[in-house]
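**Q** Quick one: this structure, given as structure tokens, is what I'll be asking you about.
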Amino acid sequence: MHAAGLAAPAGTPRLRKWPSKRRVPGSQPSMADPHQFFDDTSSAPSRGYGGQPSPGGMGYSSPSASHEAAFLADPMSNMAMAYGSSLAAQGKQLVDKNIDRFIPVTKLKYYFAVDTVYVGKKLGLLVFPYLHQDWEVQYQQDTPVAPRFDINAPDLYIPAMAFITYILVAGLALGTQDRFSPDLLGLQASSALAWLTLEVVAILLSLYLVTVNTDLTTIDLVAFLGYKYVGMIGGVLVGLLFGKIGYYLVLGWCCVSIFVFMIRTLRLKILAQAAAEGVPVRGARNQLRMYLTMAVAAAQPLLMYWLTFHLVR
């Protein structure tokens with residue numbers, strides 16, 4: 001058999017094998033198959049007609065963006081926003097204007113206008129008031145000066161800090177006696193606060209019944225009645241260190257001091273106003289005012305002992 005016999009006939013066309021085309025993911029549109037009708041969009045981001053990527057991701061603008069733009073372009077919406085802003089501003093002004101009716105923020109700022117020098121001098125006056133001569137509160141254009149400029153002016157910083165310190169010292173005293181409990185400490189705090197509230201209400205009622213026209217405010221009463229916690233703290237601390245003898249000595253001194261302090265302070269607020277009204281010194285109404293001043297001053301030592309005697313053993 002000849003080799004030529006194995007060859008294909010001359011008239012038969014030879015089949016040519018074309019290389020297979022594979023689809024490469026992520027290929028650019030310019031390299032796509034010419035026989036492919038659509039571009040491969042499985043990996044490349046879709047583009048709009050202008051060739052720029054659209055925010056919506058589908059060749060169209062985002063619905064939310066279009067709605068926001070339409071809302072801002074609407075004149076009615078602009079008017080509504082401006083009206084709402086004006087209402088908010090008017091509401092804020094109304095609250096700032098009428099807040100003093102419920103919470104006297106401006107007055108409270110006055111009572112906390114203190115400094116370190118004032119606090120030191122005031123504490124010394126509370127412990128040793130016997131040599132102090134001028135008890136008049138200073139005024140500037142019918143307005144009392146800030147406490148940091150006048151040692152006779154009442155403040156709320158010392159009473160507030162003294163009340164908190166008294167509760168902490170009471171907890172310390174109960175802990176040294178193995179009697180501490182959160183309930184007992186809360187009872188101590190609520191009892192002291194209840195007595196202070198009862199004092200203020202009783203004094204205001206008494207001033208109303210005696211018909212005393214005075215510039216003594218409720219905040220002034222809270223400040224003056226809160227000064228007794230300073231002596232209570234000293235008595236309990238000394239009692240913890242030196243026993244009951246030290247407690248009675250220090251507390252007795254502080255009780256006499258607060259009695260003198262309250263007499264000399266309140267008589268200018270109650271009796272001086274009566275003298276300015278032309279009430280006779282020996283008149284019956286003036287006698288009631290004097291008795292009221294003495295009663296308020298005498299109640300301070302009693303409450304100082306009542307709120308501290310069980311803390312020292």
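The values are calculated or read from the model by the stated rules, or taken from the named source; none is laboratory data. In this text the structure is predicted, and so the values were computed from the model without any measurement. We place every Cβ from the backbone using ideal geometry, glycine too, and count neighbours over all the protein chains shown. The protein model used for the area step is the full one, side chains on, heavy atoms only, and it has no ligands, DNA or RNA in it. Shrake-Rupley method; radii C 1.70, N 1.55, O 1.52, S 1.80 Å.
**Q** Please work out if G171 is loosely packed, with under 15 Cβ neighbours inside 10 Å, small (G, A, S), in a helix (DSSP H, G or I) and without any contact (Cβ under 8 Å) to a residue 60 or more places away in the chain.
**A** Answer is no for this residue.
**Q** Here's a check for you: in segment 207-238, which residue that is among the β-branched types (V, I, T) and outside any helix (DSSP H, G or I) is least open to solvent (accessible area, probe 1.4 Å)?
**A** Checking each candidate, the answer is V212.
**Q** Spot the failing condition for L204; the list is (1) surrounded by fewer than 18 Cβ atoms within 10 Å (Cβ to Cβ); (2) not in a helix (DSSP H, G or I), and only one is missed.
**A** For L204, the exception is condition (2).
**Q** Additional query: Check off (1) over 27 Å from the mean Cα position of the chain (by Cα); (2) more than 20 Å from G234 (Cα to Cα); (3) among the hydrophobic types (A, V, I, L, M, F, W, C) for L198 and give me the number that stays unchecked.
**A** Every condition holds for L198 apart from (1).
**Q** Further, regarding this structure: On the basis of being hydroxyl-bearing (S, T, Y), over 23 Å from V260 (Cα atoms) and surrounded by 12 or more Cβ atoms within 10 Å (Cβ to Cβ), does T165 make the cut?
**A** Criteria met by T165.
**Q** Then there is this: Being surrounded by fewer than 19 Cβ atoms within 10 Å (Cβ to Cβ) and at pLDDT 80 or above is the filter; apply it to segment 283-292 and report the residue that is farthest from E199 (Cα to Cα).
**A** That would be Q287.
**Q** What about T176, is it open to solvent by 50 Å² or more (accessible area, probe 1.4 Å) and under 25 Å from the mean Cα position of the chain (by Cα)?
**A** Considered against the rule, which asks whether it is open to solvent by 50 Å² or more (accessible area, probe 1.4 Å) and under 25 Å from the mean Cα position of the chain (by Cα), T176 comes out as no.
**Q** Which condition from (1) surrounded by 12 or more Cβ atoms within 10 Å (Cβ to Cβ); (2) at pLDDT below 85; (3) part of a loop (DSSP other than H, G, I, E, B); (4) not small (G, A, S) is the one that H132 breaks?
**A** With (1) surrounded by 12 or more Cβ atoms within 10 Å (Cβ to Cβ); (2) at pLDDT below 85; (3) part of a loop (DSSP other than H, G, I, E, B); (4) not small (G, A, S) applied to H132, the lone miss is (2).
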